[in-house]
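Step one of this worksheet: look at the structure below.
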Amino acid sequence: MGQAVVEDGGRVDEGMLDVDRALLGRVAGGDRAALADLYARHQRPLFSYLLGLCRDRGVAEEVLQDTLLAVWTSAGSFGGRASVQGWLYGVARRQAHNTLRRRALPVANAAVLDLLPSPEPEPEDAALAGVARDELAAAIDRLAAIHREVLVLTFAEGLSYPELARVLDVPLGTIKSRLSNAKRALRAILDHPEATTR
């Protein structure tokens, strides 16, 4: 009771979804206190996500503030097709990419990474389960930005495949192949930690 099953089999607390939707509705109506409440609820995971994308604490903080401003000005455009959390990640991602593009920081070419072949089935899932948390975090940090992003949004933030497709603005099939490639790249780093990446 109070929980709903989402497409990928995870559980979502419906009460939390309702609170987020109510807050966003109030933000759309110009309620600054509601914006502060929404920010307080999502600040930490959004900042963590942005830090992974931007790779610089100061830039991530700047982008988080830009995200807050964008939420304030575009809350009325929330269509309800995704969760508020998924919509916030989409706003944050667009703000980060705009900032990175302006600063001309290197970002992996998504089209090239998506074309990488996906050989053999994925034994990575079982192998990754046995890796120590610190070792895993260090390995994820060495991944290309596009692979870090999909892994963080999937496993750390719990977004479903359809939400990922909306946040990353790619087809569902691309999400699956991108996640598969990311897990394979992570497994390679864990198997050969001395190898250089990126």
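Which of rounded, prolate, oblate describes region 3-103, given a ≥ b ≥ c as roots of the alpha-carbon gyration tensor eigenvalues and a/c under 1.5 marking rounded, otherwise prolate only if a/b is larger than b/c? Because a/c hits 1.5 or more and a/b fails to exceed b/c, region 3-103 counts as oblate. What net charge do the residues around ASP169 carry, taking every other residue with its C-beta under 10 Å from that of ASP169, with Lys and Arg at +1 and Asp and Glu at -1? Counting the neighbours of ASP169, the net charge comes to +3.
For every other residue with a beta carbon closer than 10 angstrom to the beta carbon of LEU153, add +1 if it is Lys or Arg and -1 if Asp or Glu, then tell me the sum.
Neighbour charge sum, excluding LEU153 itself: -1.
About the centre of its Cα atoms, region 3-103 shows a dipole size close to 460 debye [charges on the beta carbon of Lys, Arg (+1) and Asp, Glu (-1) only; nearest 20 debye].
No value in this document is a laboratory result; all are computed from the given coordinates. In this text, all values refer to a predicted model and were calculated from it rather than measured experimentally. Here Cβ is always computed from backbone atoms with ideal geometry, including for glycine, and neighbour counts include all displayed protein chains.
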